[in-house]
Amino acid sequence: MSEATARAHPNIAFIKYWGNSNQDLRLPANSSLSMNLAGLQSETKVRFDSELSEDQFILNDQNQSGEALKRLVTFLDIVRAKASLDDRATVASHNNFPAGAGIASSASAFAALALAGSKAAGLDLDEKALSLLARRGSGSASRSIPPGFVEFHAAEKDEDSFSISIAPPDHWALIDCIAVVSEEHKKTGSTGGHLLADTSPFQITRVAGADERLKQCKQALLERDFEAFAEVVELDSNLMHAVMMSSQPPLLYWQPSTLDIVQHIRQWRSEGLAACSTIDAGPNVHVICIEEDSTEVATRLEEIPGVINVLTAKPGGPAELIN
Ligand code: DP6
């Protein structure tokens, strides 16, 4: 019997990952760029036990079955194959952010699981190997392994598609103010959405320009140029949603209040507030702003009709083992 516990943060993508070039290996169609979210985390304990006949998965104190368990078993099978191990495992995981907050938990969940699972299986993986492994569970989980601001490389080969930190958490005091407008569970999650990406006539164009946008975003980040950063972040999010909306069947994640927030942010920016918006596979809006403006931005967001609450997060550190 051997066990390990790890914790990891979710992340918000400034340049989005949408669509896979290889579904089984979760090789992304384009490279992406993100920031880990401090304060929000998944904490996961993995225990391999020769006495167990099946893997068990307890999430937030609830026993999991069906699709959630299947996805976990598929991932543990990859870990077992790497470690030449046959034992089944008990996995107990807790998220400290509400399930309905519209923050994807798959990134922090699979990053923490990759670290705790590989360690419990007797493997000692470095950051690159961990990020390759986490990617197999959830593409964006690859980005929750390294610290701070992170680039996830798209590549044709499994061993070339991993994430690296391009700047530490303290490089730039950005805040993600997450405006929650719905706590409902989305109908089509990211895994189903990636499968539809190629049915949109715009996916080819989005992917073709992704490297250039990533370059611009990275430069703006490294130079702390908020104006340039804001323009490319909003453009990239709009391009992904154009693909989503024009897929067959279409994926329409926005609610009326989603668009209302996006328009307010553009107005506030023109008035001098350093804030921009980006939206994932759901109706909630991630408003990225500089720390000095974040209290003002959060207060104003709370006043917009339809906003249920606003969560805030600073740039976060890497996935870590907990003793
Ligand atoms: C819209 O990593 O959640 O958040 O690999 O199927 O788990 P799976 O997908 P996931 O996709 C992320 C999609 C996104 C954009 C992003 O985070 O880059």
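The values are calculated or read from the model by the stated rules, or taken from the named source; none is laboratory data. These numbers come from a predicted model, not from an experiment. Note: ideal-geometry Cβ built from the backbone for every residue, glycine included; neighbour counts use all protein chains shown.
Residue 91 meets all of the listed conditions (1) within 16 Å of the ligand (Cβ to nearest atom); (2) among the hydrophobic types (A, V, I, L, M, F, W, C); (3) within 28 Å of residue 187 (Cα to Cα) but one, namely (1). Assess whether residue 228 counts as being more than 15 Å from the ligand (Cβ to nearest atom) and outside the structural domain of residue 46 (by TED's automatic domain parsing). Criteria met by residue 228.
Scanning the stretch 251-278 for residues that are under 22 Å from the mean Cα position of the chain (by Cα) and not β-branched (Val, Ile, Thr) yields 251, 252, 253, 254, 255, 259, 275, 276, 277. Every condition in (1) assigned by TED's automatic domain parsing to the domain that holds residue 210; (2) free of Cβ contacts under 8 Å to residues at least 40 places away in the same chain; (3) surrounded by 19 or more Cβ atoms within 10 Å (Cβ to Cβ) is met by residue 163 except one, and the failing one is (1).
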